[in-house]
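The values are calculated or read from the model by the stated rules, or taken from the named source; none is laboratory data. What you see is a predicted model; the values in this text were computed from it and never measured. With ideal geometry, Cβ positions are generated from the backbone for all residues, glycine too; neighbour counts draw on all protein chains shown.
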Amino acid sequence: MDKEKQDFIKCKRIAIVGVSRTNSKFGNATYRELKTRGLQVVPVHSEMVEFDGDPCYKNIQDITPSVEGVFINISPPGVIAVLEDAIKAKVNKIWLQQGSESEEAIKFGKENGLSIASNGCILMYAEPVSSFHAFHRWIWKLIKKY
């Protein structure tokens, strides 16, 4: 596992950018799953006031107390704005979920001193890993991608 992923999964309080009103979205599933694993997760959505009964913040800078990391699960065109928000909030640990990644975003993040974890599903790394994600992690270890 690379250093960026190791550093990110040590975070105990994480902003989740990508929660949605559409229940089937992966950001929602990630929020709920990480919460059941004991992490403090904070939903971020520009138009929602609450998510699953928790206060939802419009941007990372507004979160109090602040977070240690930002999990991003939105389409690539919106990622740079989220990275800029993280920089302003002085949060440098970022996880770009598969599907949110772009060369432009990774380059921007690294040029601005962010630790960017990418190329992997957070649910394969954040302990405890179970079910499908444990099997997926085992496969990745076999093929040397983990």
Does LEU123 satisfy being modelled with pLDDT under 95, in a helix (DSSP H, G or I) and of a type in the set (A, V, I, L, M, F, W, C)?
yes
Hey, can you tell me all the residues within region 60-79 that are closer than 20 Å to ILE122 by Cα and not in a loop (DSSP other than H, G, I, E, B)?
ILE60, GLY69, VAL70, PHE71, ILE72, PRO76, GLY78, VAL79
Within region 90-114, restricting to residues that are over 19 Å from GLU68 (Cα atoms), exposed (fewer than 15 other Cβ atoms within 10 Å of the Cβ) and of a type outside the set (Gly, Ala, Ser), the one that is modelled with the lowest pLDDT is GLN98
Is it the case that THR30 is among the polar types (S, T, N, Q) and crowded, with 21+ Cβ neighbours inside 10 Å?
yes
Out of region 2-40, which residues are polar (S, T, N, Q) and free of Cβ contacts under 8 Å to residues at least 40 places away in the same chain?
GLN6, SER20, THR22, ASN23, SER24, ASN28, THR36, GLN40
Hits in region 10-26 - residues which are modelled with pLDDT of 90 or more and not basic (Lys, Arg)
CYS11, ILE14, ALA15, ILE16, VAL17, GLY18, VAL19, SER20
Which pairs do you get when a residue that is over 21 Å from GLU33 (Cβ atoms), found in region 59-74, comes within reach of a residue that is modelled with pLDDT of 95 or more, reach meaning Cβ atoms under 7 angstrom, with the pair 6+ apart or on two chains?
ASN59/VAL44; ASN59/ASP85; GLN61/ASP85; GLN61/LYS88; GLN61/ALA89; SER66/ALA89; SER66/VAL91
For GLY69, the lone unmet condition from (1) at pLDDT below 95; (2) buried (at least 17 other Cβ atoms within 10 Å of the Cβ) is (1)
Do you know which of the residues in region 12-59 that are of a type in the set (Phe, Trp, Tyr) and assigned to a strand (DSSP E or B) is farthest from ILE80 (Cα to Cα)?
PHE51
